[in-house]
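K.L.:
Dropping a structure here in structure tokens format, bear with me for questions.
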Amino acid sequence: MFEKLYKSSGLIFPALATIAALAVSGSLDAYLAFVATSWIIFGLLGLSLDVIWGRGGLLSLAQTAFYGLGGYFGAVVAINMAPTYGMSLVWALPCSALFGALIAAALGYVIFYARMGALQSTILSYTLTLLLWSVTQTFKLDVGAATIGGDNGLSGIPGFVLGFGEEAKKLKPNAAFALVVCISAAVYFVTYWLMRSNFGKIVDCIRIDIQKTELLGYDIRKVQVLNFAYSGAVAGIAGALFALWANYLNPSIFSVQEALLVPIYVLVGGLGTLAGPFLGALIIGGLSFWLGGGAAGGQTTLILGTVLILLVLFLQNGVLGALGSLWRRFMPDPNNAARLTGAVQIDTEVLEDILVEAEKTAGPAKNLSTDEAFKRFGGVIPVNKVSRDFTPGEPHSLIGPNGAGKSSFLKTCVGLYRPEGGTISLGDEDITKAPVFARVRSGMGMKNQKPQVFGEKTVRENLWIAAYARTKDSAKSDAISAQILGMLGLGAQSGVQASALSHGQQQWLDIGMVLCLAPRVVLLDEPAAGMTNEETRELSVLVRTLAKHTTVVVVEHDMEFVRTLEGHVTVLHQGKLFAEGDIKTLRANDAVLDIYLGRGEHV
Amino acid sequence: MEPDFLATVLLSSLSSASILLIATLGLAVVYGLMGVINLAHGEFLMVGAYSALTATQIGLPFLLAIPFAVFMTMLIGAVVELLIIRRLYGRIFDTMLATWGLGMVFNQTAVLLFGTVSPGIGMPQWNFRIGDFSLAVYPLTMIVVAALLLAFVYVLMTKTVYGMKARASIQEPQMAQAIGIDSARVNTLTFAIGCGLAGFAGAILLPIIPATPSMGLFFAVKGFLTVVVAGPVALTGTALTALGLGGGASVTASFMTSVIGDVFFFFVTALLLWLYPLGISSKWRRKL
């Protein structure tokens with residue numbers, strides 16, 4: 001009961017708050033109702049930032065730009081339509097949402113497809129707001145009945161008009177308050193649903209580990225742009241409501257002070273909580289209201305600036321974040337199960353079943369070939385014209401001393417590094433220029449050197465999100481993740497957060513996620529690191545079974561492990577192919593011993 | 001196009017670029033050596049301007065008012081580092097938000113103390129003629145000042161013990177601590193120097209840009225963009241970017257309007273970030 005309430009707290013408490021707000025809306029003092037309406041609107045604006053920052057991981061300082069542009073656009077439409085047709089909302093809201101979404105998508109396209117760094121992204125979003133601020137000061141335009149007058153602003157915006165026709169009257173403050181509460185609640189619940197949907201799960205994964213998400217085959221940049229566009233739409237709706245509420249807009253909507261307020265709302269309420277920004281706006285708005293002077297009062301900036309500093313220093317998770325962690329203390333710790341594990345034992349029969357089934361759905365194993373693949377970083381050339389064919393049937397091991405270019409070679413194959421020369425093909429397909437996710441979709445599966453798991457998510461969710469990347473079907477993903485979970489023997493830990501697992505278990509989970517993709521070519525970078533001797537033996541069984549059905553390339557330092565694989569071994573040295581054969585011949589090869597032990601002329 | 005006009009435009013654009021560089025250098029030092037974006041940088045510039053203004057009002061000559069402004073801003077900068085920045089190491093966005101809040105506090109405090117308008121101090125009224133065009137000398141001297149300042153920071157970072165320690169602390173923080181560098185103290189000094197450079201900028205630019213509480217905003221914004229576009233190689237990258245962006249915007253502004261100059265600045269910023277998503281110097285091999 002207690003836990004169920006916690007799990008649906010994002011639904012129940014906001015619903016209660018909406019009902020409470022509607023209940024008091026009739027009896028509020030008209031002026032307070034008028035001011036409180038603006039708090040709700042600011043909360044909605046905060047929600048738009050929470051979607052892209054708390055969930056998407058990008059601190060966007062352009063939310064007020066979408067808000068302002070949406071407001072202006074919606075207002076111009078409303079001014080022209082409302083006098084004849086009434087119903088200002090029907091015109092303003094969709095137009096603003098669409099306009100906000102378009103601008104956000106355009107900005108997001110630049111940010112995400114250029115693969116900007118986090119800081120560069122934030123600064124670029126800030127640039128947009130500042131650009132608008134300077135341009136709108138002198139921007140003058142007449143659109144029908146609306147006059148955008150530079151720093152004189154845009155006036156004559158109709159209020160909230162619900163009825164149709166010329167006779168329709170604008171709502172009184174209390175009714176307008178109730179209306180804004182309803183609209184905001186609707187947007188909140190849609191957002192809540194969206195963030196819990198499969199789309200929201202992918203957004204979460206991108207925030208936690210963007211590279212891993214792409215290695216699962218998700219088109220991350222598209223998801224990011226869509227998420228940003230949604231956030232822009234929410235901001236646009238908030239802008240339209242603000243325009244109708246204030247009946248007037250001017251360039252100060254793009255000002256630095258205005259932009260500053262949005263992260264404050266989110267931080268006060270709690271980053272990533274979705275409901276937090278409303279609470280934050282209510283607290284800040286209420287505070288300035290009762291301190292006197294209202295939101296525009298003289299010392300408000302002084303107080304807000306101080307509040308922001310104190311928040312960042314002392315209450316990083318905001319009010320809701322703090323309440324949430326307090327609540328979790330009274331619930332059983334789901335991560336307890338992490339301690340109850342023994343060594344992982346692979347169930348080879350289940351594994352065979354999985355692989356046969358994968359072959360049915362994903363097609364036969366593919367060859368991976370590189371032809372003169374070449375990658376350089378400044379003066380270092382980690383992959384120097386490597387030509388190699390990898391075929392199914394037996395495992396391929398890549399060995400070589402530290403810095404030989406083994407990991408770089410795998411990363412070039414999967415597309416994490418873009419080669420400067422040569423070609424890479426998967427089956428008959430030339431994938432040299434394909435993005436990472438496209439290669440994964442054509443059948444590549446890669447596990448990096450460091451285990452990459454989504455730490456905040458449970459073991460089952462980790463496997464599920466990997467399976468969903470391929471199947472795009474919830475029911476199938478449930479089945480596949482359950483199957484892999486059983487194969488790994490991690491059933492008891494299915495509810496444990498991945499970050500609570502040991503290093504070796506995270507390796508297994510990562511390998512399990514790769515298997516969920518039913519890859520036709522599997523690249524494993526040091527899978528045995530951090531595993532016990534028993535686990536390494538299990539891993540060897542797994543790799544050999546895997547190699548019967550797919551092409552497997554393993555980078556490994558553990559020579560004993562490489563020996564047990566009984567496969568083909570390639571030695572890399574200084575980015576070049578150095579020797580190949582089976583492990584016995586290589587062990588007798590003096591040149592190979594030279595480079596490993598650092599003697600002789602090959603060093 | 002008349003050659004006189006062209007020369008005038010070139011000189012005045014070079015001078016605007018130099019002014020941008022002077023205003024930005026402190027930000028670049030703090031970002032390059034601490035990985036911290038100080039969003040209150042513009043307000044430190046404003047503090048420097050007001051310090052110099054107050055000093056001249058009580059009778060100090062302008063040349064002495066500049067060191068006073070540097071001292072004041074360094075002092076405040078050190079206190080800010082100890083109280084706020086230090087607690088937020090490694091949390092770049094939290095640092096940005098905290099310094100943003102700090103900027104607001106400084107701004108509002110300045111409004112309370114000095115009001116929104118304040119008297120400028122007269123610019124030395126020397127002019128300089130190229131054909132039919134006349135140019136004020138003081139802004140042109142900023143070209144020399146920028147070059148000297150750049151050289152000063154370069155020497156400070158490469159030839160002094162402090163500079164070595166500071167660069168060691170940012171390149172290999174743990175190694176630096178392991179060989180006994182007190183990186184916390186080095187960082188306090190770095191932040192103070194960054195703020196001092198802002199103060200210097202505010203003071204030396206006072207004859208050109210009068211002190212107002214919101215004066216920092218103008219430079220701060222362009223400064224952040226310059227530093228972020230420049231990327232990890234703080235000093236050389238920033239000098240180059242300031243020259244390109246600031247100079248380009250100024251040239252654009254002289255042929256068209258100042259709004260178009262601003263638009264040019266922001267637009268080229270976006271373009272450069274598109275081409276170099278981690279900053280133009282992200283693949284350079286030099287470190288300063």
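The values are calculated or read from the model by the stated rules, or taken from the named source; none is laboratory data. Only a predicted model underlies this, so the values are computations on that prediction, with no experimental measurement involved. Neighbour counts run over all protein chains shown; Cβ positions are idealised from the backbone, glycine included.
K.L.:
Suppose we filter region B:240-288 for residues that are in contact with a Ser or Thr (Cβ under 6 Å, 6 or more places away or on another chain) and away from chain A (no Cβ under 13 Å); how many remain?
P.N.:
Within region B:240-288, residues that are in contact with a Ser or Thr (Cβ under 6 Å, 6 or more places away or on another chain) and away from chain A (no Cβ under 13 Å) number 5.
K.L.:
Are there any pairs, at least 6 apart or on different chains, whose C-beta atoms fall under 8 Å, with the first in region B:214-233 and at positive phi and more than 8 Å from every other protein chain (Cβ to nearest Cβ) and the second crowded, with 24+ Cβ neighbours inside 10 Å and not charged (D, E, K, R), and if so, which?
P.N.:
So the pair list comes out as B:Gly231/B:Gly237; B:Gly231/B:Gly279.
K.L.:
Additional query: Residues in region A:515-537 that are more than 20 Å from A:Glu349 (Cβ to Cβ) and in contact (Cβ under 8 Å) with a residue 24 or more places away in the chain: how many?
P.N.:
15
K.L.:
Also, quick follow-up: If you check A:Leu463, A:Leu546, A:Leu509, A:Leu485, which single one turns out to be touching a strand residue (DSSP E or B) at 6+ places or on another chain (Cβ under 8 Å) and outside any loop (DSSP other than H, G, I, E, B)?
P.N.:
The conditions single out A:Leu546.
K.L.:
Please go through region A:298-338 and give me each residue that is closer than 21 Å to A:Gly286 by Cβ, more than 7 Å from chain B (Cβ to nearest Cβ) and under 27 Å from the mean Cα position of the chain (by Cα), ordered by number.
P.N.:
Correct list: A:Leu311, A:Phe314, A:Leu315, A:Asn317, A:Gly318, A:Val319, A:Leu320, A:Gly321, A:Ala322, A:Leu323.
K.L.:
From the list A:Gly427, A:Gly421, A:Gly455, exactly one residue is at positive phi and in the same structural domain as A:Met513 (by the TED database). Which is it?
P.N.:
A:Gly427
K.L.:
Can you tell me which residues in region A:103-119 are more than 9 Å from every other protein chain (Cβ to nearest Cβ) and over 24 Å from B:Asp94 (Cα atoms)?
P.N.:
Result: A:Ile103, A:Ala105, A:Ala106, A:Tyr109.
K.L.:
Another question, if that's okay. Say we look at region B:116-157 and pick out the residues that are hydroxyl-bearing (Ser, Thr, Tyr) and surrounded by 11 or more Cβ atoms within 10 Å (Cβ to Cβ); which of these is modelled with the highest pLDDT?
P.N.:
B:Tyr154
K.L.:
Here's another thing I want to ask about it. Pick out, from region A:549-603, the helices (runs of 4 or more DSSP H) lying fully within it that include 3 or more residues that are modelled with pLDDT under 85 and farther than 19 Å from A:Val522 by Cα.
P.N.:
Passing ranges, in order: A:583-587, A:590-597.
K.L.:
Which of the following residues is surrounded by 18 or more Cβ atoms within 10 Å (Cβ to Cβ) and more than 20 Å from B:Gly26 (Cβ to Cβ): B:Ala249, B:Ala201, B:Ala230?
P.N.:
Going through B:Ala249, B:Ala201, B:Ala230 in turn, the sole match is B:Ala249.
K.L.:
For region A:66-114, give me each residue that is among the hydroxyl-bearing types (Ser, Thr, Tyr), in contact with a strand residue (DSSP E or B) (Cβ under 8 Å, 6 or more places away or on another chain) and surrounded by 24 or more Cβ atoms within 10 Å (Cβ to Cβ).
P.N.:
Passing the criteria: A:Tyr72, A:Ser88.
K.L.:
Among the listed residues B:Thr212, B:Thr188, which satisfies the condition of being of a type in the set (S, T, N, Q) and in contact with a Leu (Cβ under 8 Å, 6 or more places away or on another chain)? So that I can check it myself, show each step before the final result.
P.N.:
Working: B:Thr212 fails: in contact with a Leu (Cβ under 8 Å, 6 or more places away or on another chain).
None of the other options fit; the residue is B:Thr188.
K.L.:
Separate question: Only one residue in B:Thr99, B:Thr73 is within 30 Å of A:Val266 (Cα to Cα) and at pLDDT 85 or above, so which one is that?
P.N.:
On inspection, the qualifying residue turns out to be B:Thr99.
K.L.:
Residues A:Val90, A:Val110, A:Val24, A:Val51: which one is in a helix (DSSP H, G or I) and modelled with pLDDT of 90 or more? Spell out the reasoning first.
P.N.:
Numbers: A:Val90 fails: modelled with pLDDT of 90 or more; A:Val110 fails: modelled with pLDDT of 90 or more; A:Val24 fails: modelled with pLDDT of 90 or more.
On inspection, the qualifying residue turns out to be A:Val51.
K.L.:
Can I ask one more? Can you tell me which residue is nearest to the other protein chains (Cβ to nearest Cβ) among those in region A:239-258 that are crowded, with 24+ Cβ neighbours inside 10 Å and small (Gly, Ala, Ser)?
P.N.:
By that ranking, first place goes to A:Gly239.
K.L.:
Listed residues A:Gly236, A:Gly269, A:Gly280; which is crowded, with 24+ Cβ neighbours inside 10 Å and within 14 Å of chain B (Cβ to nearest Cβ)?
P.N.:
Only one candidate qualifies: A:Gly280.
Conditions (1) of a type in the set (Lys, Arg); (2) out of contact with any Ser or Thr (no Cβ under 9 Å at 6 or more places or on another chain), marked per residue:
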{"position": "A:Ile111", "(1), (2)": "no, no"}
{"position": "A:Arg115", "(1), (2)": "yes, yes"}
{"position": "A:Thr127", "(1), (2)": "no, no"}
{"position": "A:Phe139", "(1), (2)": "no, yes"}
{"position": "A:Ala145", "(1), (2)": "no, yes"}
{"position": "A:Asp151", "(1), (2)": "no, no"}
{"position": "A:Gly156", "(1), (2)": "no, no"}
{"position": "A:Phe164", "(1), (2)": "no, yes"}
{"position": "A:Phe177", "(1), (2)": "no, no"}
